[in-house]
Amino acid sequence: MALIVQKYGGTSVANIERVRNVAARIIKTKNEGNKVVVVVSAMAGETDRLISLAKEITDKPNERELDMLISTGEQVSVALLAIMLNSMGYPALSYVAHQIKIITDDKFGRARIREIESERILEELDKDKIVIVAGFQGIDSQNNITTLGRGGSDTSAVAIAAALKADICEIYTDVEGVFTTDPNIYSKARKLDKISYEEMLEMASLGAKVLQIRSVEFAKKYGVLIHVRSSFSDKPGTIVCEEEISMEKVVVSGVTYTKNDARIAINKLPDKPGVAAKIFDAIAKKGIIVDMIIQTSSMDTGYANLAFTVSKADLNKTLELTKQVAKKLGAKEVTYDENIAKISMVGVGMRSHSGVASKMFSTLAKEGINIQMISTSEIKISCIIDAKYTELAIRSLHDAFELEKG
Ligand code: ADP
Ligand code: ASP
Ligand code: MG
């Protein structure tokens, strides 16, 4: 007998027919002699619908009230699933965060889980019940409802699996696993049988939204085995686990993209010590995270050009700050560009192989795609390009590195 946590995403519970399909899967797992805890997302499109209702009132809804609103999507789906399972003859109980006590910090909209009380879940499992928990939500120390950021049900599931010391956390979604690139962008994408926590962490933070980043961090920290698979087929999916020696033989595991960043450029900035510090200090003080930075300076003119990226959500705030500081420093102008994409190649094998960067650059060059910025780490290389070339870049890199072959 195993303790299995299963998470079903929005498309998997998009309508009653699909809720029935999910219930059948849960029953199958239960009948195989396992204890099952289920984490469910809101029905597809529901979270977006709730957010847009609030946005009809104001651009900046009160954060506490917005969490109160958008957490309701999950309450609907857990209850529907419990009603379904009970009607099929399998006793099930649904819970929202305050009933279980999923305790988070008080950062509305991006709360982090601190603690989960496992007693109540374990008691009901011992009574042979199926336990269904609302994903995406928690409560802070004052009992306010919080949410974990978009895609946060993955994190709820992995955190619950860690708290219960479950044997496995199965993430059921609308694709058959983790692929070499987003299968909805390139049909030649190949499903990976296994991927290390570290690579998955990079892929998730560089755009592969199949798992929320925080869920992978949790899994890595607590050693939770994740199986990402489709709720529409019985095929095995992708296991996310500790790195294995065989994984290092694969140089590149995947190509990802994100269009979440914006680039800010400061032109003709006097080139003297302390200038960069003044700009980035001001930005850091507001808690804004800068991703890539590039500076070019010309010896003869005494000016430098500085460019950096921040998330689009932080663009306006950062732009305002940068303009203030740049003016004080005597820079010529501050410009920005939102039409950029970050394309990244990820693989633990890069640690011991050279040549990935040059092959990436020459592949993009052959397609006439200009690289605006570059950043590297031990297991990834990212390039900023014009967003309109995203798909072309993904396809040509996927082909050049022969990722469909594996
Ligand atoms: P769910 O609603 O089940 O949580 P999501 O939409 O959050 O599902 O995540 C699944 C989606 O992630 C897929 O439909 C796919 O378009 C996207 N995706 C992006 N990159 C990848 C990748 N490398 N492998 C698999 N899916 C990916
Ligand atoms: N319903 C939430 C969202 O749409 C959480 C999730 O689906 O994981 O972001
Ligand atoms: Mg998701």
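The values are calculated or read from the model by the stated rules, or taken from the named source; none is laboratory data. The shown structure was predicted, so the numbers you read here are calculated from the model rather than taken from an experiment. Heads up, the Cβs are rebuilt from the backbone with ideal geometry, glycines too, and the neighbour counts pull from every protein chain shown. These accessible areas exclude ligands, DNA and RNA; they are computed on the full protein's heavy atoms, side chains included. Shrake-Rupley method; radii C 1.70, N 1.55, O 1.52, S 1.80 Å.
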> Regarding K272, is this residue at pLDDT 95 or above and either open to solvent by 10 Å² or more (accessible area, probe 1.4 Å) or small (G, A, S) (or both)?
Replying inline: no
> So which residues in region 191-227 are within 14 Å of ligand 1 (Cβ to nearest atom) and part of a helix (DSSP H, G or I)?
Replying inline: E199, M200, L201, E202, M203, A204, S205, I213, R214, S215, V216
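Conditions (1) open to solvent by less than 30 Å² (accessible area, probe 1.4 Å); (2) more than 16 Å from ligand 3 (Cβ to nearest atom); (3) modelled with pLDDT under 95, marked per residue:
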| residue | (1), (2), (3) |
| --- | --- |
| E202 | no, yes, no |
| V210 | no, no, no |
| I213 | no, no, no |
| L225 | no, yes, no |
| M247 | yes, yes, yes |
| I264 | yes, yes, no |
| V290 | no, yes, no |
| M299 | no, yes, yes |
| G302 | no, yes, yes |
> Counting only residues that are more than 16 Å from ligand 1 (Cβ to nearest atom), without any contact (Cβ under 8 Å) to a residue 40 or more places away in the chain and in a helix (DSSP H, G or I), how many does region 25-63 have?
Replying inline: 9
>> Quick check on my filter: what residues within region 93-113 are open to solvent by 10 Å² or more (accessible area, probe 1.4 Å) and of a type in the set (A, V, I, L, M)?
In response: L93, V96, I103, I113
>> Being closer than 12 Å to V37 by Cβ, surrounded by 17 or more Cβ atoms within 10 Å (Cβ to Cβ) and in contact with a helix residue (DSSP H, G or I) (Cβ under 8 Å, 6 or more places away or on another chain) is true for just one of I116, I145. Which residue is that?
In response: I116
>> Filter region 1-24 down to the residues that are touching a Lys or Arg at 6+ places or on another chain (Cβ under 9 Å) and either outside any helix (DSSP H, G or I) or open to solvent by less than 20 Å² (accessible area, probe 1.4 Å) (or both) and list them by number.
In response: M1, A2, L3, I4, Q6, Y8, S12
> Which is among the aliphatic types (A, V, I, L, M), more than 16 Å from ligand 1 (Cβ to nearest atom), modelled with pLDDT of 95 or more and over 27 Å from S118 (Cβ atoms), of I16, I4?
Replying inline: I16
>> Looking at region 70-99, I want the residues that are within 18 Å of E17 (Cβ to Cβ) and have a partner that is of a type in the set (S, T, N, Q) and open to solvent by less than 60 Å² (accessible area, probe 1.4 Å) with Cβ atoms under 8 Å, at least 6 apart or on another chain. Which pairs are those?
In response: S77/S41; V78/S94; A79/S94; L81/S94; A82/S94
> Only one of (1) in contact with a Ser or Thr (Cβ under 9 Å, 6 or more places away or on another chain); (2) within 16 Å of ligand 3 (Cβ to nearest atom); (3) assigned to a helix (DSSP H, G or I); (4) within 22 Å of G138 (Cα to Cα) is not met by A163, so which one is it?
Replying inline: (2)
> Is it true that D314 is surrounded by fewer than 11 Cβ atoms within 10 Å (Cβ to Cβ) and either in a helix (DSSP H, G or I) or charged (D, E, K, R) (or both)?
Replying inline: no
> Restricting the search to region 139-156, which residues are within 6 Å of ligand 2 (Cβ to nearest atom) and of a type in the set (S, T, N, Q)?
Replying inline: S153
> Out of all the residues in region 90-101, is one or more within 14 Å of ligand 2 (Cβ to nearest atom), of a type in the set (A, V, I, L, M, F, W, C) and touching a strand residue (DSSP E or B) at 6+ places or on another chain (Cβ under 7 Å)?
Replying inline: yes
> Taking only pairs six or more apart or across chains, which ones have beta-carbon atoms under 6 Å, a first residue in region 380-404 that is among the basic types (K, R), and a second residue that is assigned to a helix (DSSP H, G or I)?
Replying inline: K380/E202
>> If the requirement is being within 16 Å of ligand 1 (Cβ to nearest atom) and without any contact (Cβ under 8 Å) to a residue 12 or more places away in the chain, which of these qualifies: S156, S187?
In response: S187
> F136: within 18 Å of V255 (Cβ to Cβ), in contact (Cβ under 8 Å) with a residue 60 or more places away in the chain and either among the aromatic types (F, W, Y) or open to solvent by 20 Å² or more (accessible area, probe 1.4 Å) (or both), yes or no?
Replying inline: no
> Any idea which of V37, V78 is touching a Leu at 6+ places or on another chain (Cβ under 7 Å) and open to solvent by less than 20 Å² (accessible area, probe 1.4 Å)?
Replying inline: V37
